[in-house]
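Notes follow once the structure below has been shown.
The values are calculated or read from the model by the stated rules, or taken from the named source; none is laboratory data. These figures come from a predicted structure and were not determined experimentally. Because the Cβ atoms are built from the backbone with ideal geometry, glycine has one as well, and the counts that use them run over all protein chains shown.
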Amino acid sequence: MDVLASGLPGYQSPMIRNRVTVVVAVVLAVAWGATAGPMPAAQEAPARASRLPDKLTDREFWRLVTEVSEPDGHFRSDNLTSNELLFQHVIPDLRARTRAGGVYLGVGPEQNFTYIAALRPRLAFIVDIRRGNLLLQLMYKAVFELAGDRADFVSMLFSKPRPAGLDRGVTAAQLFEAFRKSPTSDALYQKNLAAIRTHLTRTHGFELTPADLAGLESVFQAFYWSGFALRSSPTYDELMSATDQAGVARSYLANDLNFLFLKDLQARNLLVPAVGDFAGPKALRAVGALARGYGATVTAFYLSNVEQYLVPDLKWDAFCRNVATMPLDAMSTFIRSSSGGGGGGGRGRGFWSSLGAMAEEVRGCATED
């Protein structure tokens, strides 16, 4: 099925009228390992039956990225990594609340990978106001696809030679401890940067501009120069070695099953980054219309702490109206991160995570055509 040619009911791009040329990203569920524990009852039954395509061609993927995206926006920092050390604490409750097989939405960098591995959605979008985050996600896409396993992935991401003796059964803590002793290599950085550029622009044929390529290099260079300390706290190895409150390691690098789920997702062009303001006129509404047109449900939306910026800018109502256009059910769940005290299952180190019922929270928001 050529979903680009066939069109989608319910969505008309504000920029391209009377024509719909966007597609959805799909993830087929893979085997769930014992490390994640038994599947909660809520996830045993998939979300509403959908008519999603099995994969996207490179052309379909890039058209989706460009046509759903809004113009580049501004945020006060680059946020190359998460600052939420304890965000895994809500995952058991999150999995119990939601169904597998729905649509996942998120914002920001790598914490989305851990949520996606836990929730097993069939569609995944990462929408961020900064084009720099889109370039970060494209860098990750290339590294996922080029790496054979988790050790190859860490080696390429941080330009460190792979230590000997790392098999597929190592924990994230063991993996990063081994790489801590491996010196950063300028030659490896240059080789990996060239491989990433080639993979995106030639293998996939994505039409990155000179400014995009410069931004991509800047992002990859930050991983090279800063290593695990891209953020002073929490560091990358701390994020990947963290667990939930029961001590279960759930990061996307915690085990091979999580990593391979993401690698497969990326290889089939099924995790789609886009540029968009949560209160903007197009990106969130386009994702919602895509899901609705294919009979899917938005099951989870990771917001980080974006709402604390929307409220003072008087944008929260527009954001709420955008979400209200999405296909939701009683299990559709917001995932929030907040600073300071308060409730939630992931308190500590400055941020705590909490969950909210999407349909209930946006019920009072008037929608606009």
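Summary of values
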{"quantity": "Only one of Gly247, Gly205 that is of a type in the set (Gly, Ala, Ser), at pLDDT 95 or above, on the phi > 0 side of the Ramachandran plot and touching a Lys or Arg at 6+ places or on another chain (Cβ under 8 Å)", "calculated": "Gly205"}
{"quantity": "Residue in segment 209-233 that is surrounded by the most Cβ atoms within 10 Å (Cβ to Cβ), counting only those that are more than 20 Å from Lys160 (Cα to Cα) and touching a residue at least 24 places away in the same chain (Cβ under 8 Å)", "calculated": "Gly215"}
{"quantity": "Pairs where the first residue, in segment 272-296, is closer than 19 Å to Pro53 by Cα and charged (D, E, K, R) and the second is surrounded by fewer than 21 Cβ atoms within 10 Å (Cβ to Cβ) and at pLDDT below 90, C-beta under 8 Å, 6+ apart", "calculated": "Arg292/Pro9; Arg292/Gly10"}
{"quantity": "Failed item in (1) under 21 Å from Asn83 (Cα atoms); (2) more than 19 Å from the chain's Cα centre (by Cα), with Ala254 passing the rest", "calculated": "(2)"}
{"quantity": "Residues that are out of contact with any Phe, Trp or Tyr (no Cβ under 7 Å at 6 or more places or on another chain), under 27 Å from Ala249 (Cβ atoms) and of a type in the set (Phe, Trp, Tyr), drawn from segment 180-228", "calculated": "Phe220"}
{"quantity": "Pick from segment 234-247, criterion in contact (Cβ under 8 Å) with a residue 12 or more places away in the chain and over 21 Å from the mean Cα position of the chain (by Cα), ranking: surrounded by the most Cβ atoms within 10 Å (Cβ to Cβ)", "calculated": "Gln245"}
{"quantity": "Matching entry among Gly205, Gly247 (being farther than 22 Å from Arg150 by Cβ and out of contact with any Leu (no Cβ under 7 Å at 6 or more places or on another chain))", "calculated": "Gly205"}
{"quantity": "Hits in segment 192-208 (condition: surrounded by 17 or more Cβ atoms within 10 Å (Cβ to Cβ) and either β-branched (Val, Ile, Thr) or touching a His at 6+ places or on another chain (Cβ under 8 Å) (or both))", "calculated": "Ile196"}
{"quantity": "Residue list for segment 156-207, filter: among the aliphatic types (A, V, I, L, M) and not in a helix (DSSP H, G or I)", "calculated": "Ala164, Leu166, Val170"}
{"quantity": "Asp149 vs. criteria closer than 30 Å to Glu307 by Cα, of a type in the set (Asp, Glu) and touching a residue at least 40 places away in the same chain (Cβ under 8 Å)", "calculated": "no"}
{"quantity": "Number of the exception - Ile126 against (1) in a strand (DSSP E or B); (2) over 20 Å from Leu265 (Cβ atoms)", "calculated": "(2)"}
{"quantity": "Filter result for Arg268 (touching a residue at least 60 places away in the same chain (Cβ under 8 Å), surrounded by fewer than 24 Cβ atoms within 10 Å (Cβ to Cβ) and more than 30 Å from Gly169 (Cβ to Cβ))", "calculated": "no"}
{"quantity": "Counted residues, segment 150-171 - those being among the acidic types (Asp, Glu) and in contact with a Phe, Trp or Tyr (Cβ under 7 Å, 6 or more places away or on another chain)", "calculated": "0"}
{"quantity": "Residue among Gln174, Gln190 that alone is among the polar types (S, T, N, Q), farther than 17 Å from Arg150 by Cα and without any contact (Cβ under 8 Å) to a residue 12 or more places away in the chain", "calculated": "Gln190"}
{"quantity": "Count of residues meeting criterion [among the polar types (S, T, N, Q) and within 16 Å of Thr235 (Cα to Cα)] in segment 155-199", "calculated": "1"}
